[in-house]
Amino acid sequence: MRTFDYHAVGSAAEALDLLAQYGEDAHLMAGGTSLMLMMEQGLIQPGHVVGLRSANELRGIGASSGGIEIRALTTHREVERSSHVRDYCPTLVEAFERIATIRIRNQATIGGNLVHADPAQDPPPILLALDAEVVIQSKIGERTVPLDGFFRDYFETVVEEGELLASVRLPAIVAGTKSTYVKFLPRTEDDYATLSVGAALRLGADGSCEHVRVALGSAAPTPIRARKVEAALQGQRLTGPMIDEAAELVRDEVDPLDDVRGSAKYKREMARVWTGRALRSLLDGGGK
Amino acid sequence: MPAHRRLVDLLREGLGLTGTKEGCSVGVCGACAVLVDGDMVSACLMPAIFVDGTSVETIEGLSPPEGPLTPLQECFIRHGGFQCGICTPGQIMAATALLRDNPHPTELEVKRWMMGNLCRCTGYYKIVESILAAASGEGAPS
Ligand SMILES: Cc1cc2nc3c(=O)[nH]c(=O)nc-3n(C[C@H](O)[C@H](O)[C@H](O)COP(=O)(O)OP(=O)(O)OC[C@H]3O[C@@H](n4cnc5c(N)ncnc54)[C@H](O)[C@@H]3O)c2cc1C
Ligand code: FES
Ligand code: FES
């Protein structure tokens, strides 16, 4: 690994000043779990690393207009153990518990996870299913973007040079909405998903589908929403067979990659299977 | 200290504390598990600069050189919780963190917590047995 100058900053403003000063030669570090490996492999070789660890304003979980706000530097373990998050949505806790191992969850952060933008990561599908937004800061100001649209490509997001991700905001959950996260991994429990699905569903008094979200991980160059599946179900009185039929549509929405966790063909098929199972479990009164 | 130095290098090379092992170097195997302010992390993924101002516990610090060993270490010996020993410091640090967090874990809780600590020798049964024995009070110095 090439060595670098490490700048420990105490605030987001300080970090943004350093990003402006060193431009392309600067890189942010949160938990460092992915960045260390990428630097080790020579994939990223910054001359200046801006360490966010002591920027306490970027850490923590709080209420935000009926929903919650999870600031960027919050570790996965903190999310998983937060009673605030559990009260807001137990499915979110379950999804974070599925990330790698406790060792990784103690060090890695939600902001680092989203900006790293590996499509196999666990938080994005469930955060997409819950309509998360992210707050991005720069020296000019702040912008809020929906997570749906945040990911551009493999390891690429809309966060530009000179910007940092400050927090993730989740809106209030309408009463009666159930959600689930399924991580399919045929190898070992601590592995990345071969395919994962985050889903949310709310049925009206007459049993029709008032609200539905389906998002997938490991299914395309970025985490994705399965809009065709959602559109096929919205407003319908749902039945199991109808869900199976809608789940077929996901095959055209995914664009998986062949890798050690399965061939593209297999993942496409698993996307259909697990989309169907996730939605059926919600229809059958499962989920949280 | 160079900024790119990892905690595992600081411990093993800088401080000569070779009890912490390096297996995979990519955060997966758990051989390098240490506790930073009580939280278990992979020393191969953590920049050494991160531990400035923190308390780092390694296998060397669990018991004084003249003994006694901790009940957990004693149980690993009694119950055959290791064979070649390369994974053992990491197993013991992880299990130490577990028993502090949850002094009376169920077998499933032990397995869940220890999931990220790989062992090529024991087949895991003896490791789980050792930890449950320590949790039941065995191995305390008499
Ligand atoms: C062995 C291993 C197994 C893993 N398994 C899983 C898994 O099963 N599921 C899963 O979801 N994830 C998994 N991960 C990924 C992990 O969850 C981390 O989220 C991820 O590695 C990055 O988090 P970090 O805080 O360490 O970020 P860093 O490594 O510090 O940073 C990652 C990238 O994000 C940028 N960045 C960080 N914070 C900010 C910010 N606030 N604003 C702008 N840019 C920022 C950095 O510049 C860098 O480019 C695994 C990682 C490892 C090492
Ligand atoms: S050497 Fe650090 S986890 Fe394997
Ligand atoms: S005792 Fe040999 S690897 Fe665990």
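The values are calculated or read from the model by the stated rules, or taken from the named source; none is laboratory data. Nothing here was measured: the structure is a model prediction, and the numbers come from that model. Here Cβ is always computed from backbone atoms with ideal geometry, including for glycine, and neighbour counts include all displayed protein chains. For the accessible areas, the whole protein counts, side chains as well, though only heavy atoms, and no ligand, DNA or RNA atoms are used. Shrake-Rupley method; radii C 1.70, N 1.55, O 1.52, S 1.80 Å.
One residue stands out in the stretch A:92-111 among those that are more than 12 Å from every other protein chain (Cβ to nearest Cβ) and closer than 20 Å to residue A:190 by Cβ: the one that is most open to solvent (accessible area, probe 1.4 Å), namely A:94.
Restricting attention to the stretch B:56-93, the residues that are touching a strand residue (DSSP E or B) at 6+ places or on another chain (Cβ under 9 Å) and part of a loop (DSSP other than H, G, I, E, B) add up to 1.
Within the stretch A:34-56, being open to solvent by less than 20 Å² (accessible area, probe 1.4 Å) and not hydrophobic (A, V, I, L, M, F, W, C) holds for A:46, A:47, A:51. You will find that of A:91, A:144, the residue that is over 12 Å from the mean Cα position of the chain (by Cα) and either at pLDDT below 95 or not in a strand (DSSP E or B) (or both) is A:91 and no other. Restricting attention to the stretch A:21-33 and to residues that are open to solvent by 40 Å² or more (accessible area, probe 1.4 Å) and in contact with a strand residue (DSSP E or B) (Cβ under 9 Å, 6 or more places away or on another chain), the residue that is nearest to residue A:164 (Cα to Cα) turns out to be A:28. Can residue B:28 be described as out of contact with any helix residue (DSSP H, G or I) (no Cβ under 6 Å at 6 or more places or on another chain), open to solvent by 10 Å² or more (accessible area, probe 1.4 Å) and away from ligand 1 (no atom under 16 Å from the Cβ)? Taking the combined requirement at face value, the residue does not satisfy it.
In the stretch B:92-113, the condition of being within 16 Å of ligand 3 (Cβ to nearest atom) and either assigned by TED's automatic domain parsing to the domain that holds residue B:21 or more than 22 Å from residue A:100 (Cα to Cα) (or both) is met by no residue. Once the stretch B:107-134 is narrowed to residues that are within 16 Å of ligand 2 (Cβ to nearest atom) and facing chain A (nearest Cβ under 10 Å), the residue that is farthest from residue B:29 (Cα to Cα) is B:113.
If you go through the stretch B:79-106 and pick out every residue that is within 12 Å of the chain's Cα centre (by Cα) and either buried (at least 20 other Cβ atoms within 10 Å of the Cβ) or within 16 Å of ligand 2 (Cβ to nearest atom) (or both), you end up with 14. Can residue A:105 be described as closer than 23 Å to residue A:72 by Cα, outside the structural domain of residue A:20 (by TED's automatic domain parsing), within 16 Å of ligand 2 (Cβ to nearest atom) and at pLDDT 95 or above? Judged against the criteria, residue A:105 is a match. For the stretch A:66-86, taking the residues that are closer than 14 Å to residue A:169 by Cβ and not hydrophobic (A, V, I, L, M, F, W, C), the one that is modelled with the lowest pLDDT is identified as A:66. Exactly one residue out of B:19, B:53, B:27 is part of a loop (DSSP other than H, G, I, E, B), away from every other protein chain (no Cβ under 14 Å) and not hydroxyl-bearing (Ser, Thr, Tyr), and it is B:19.
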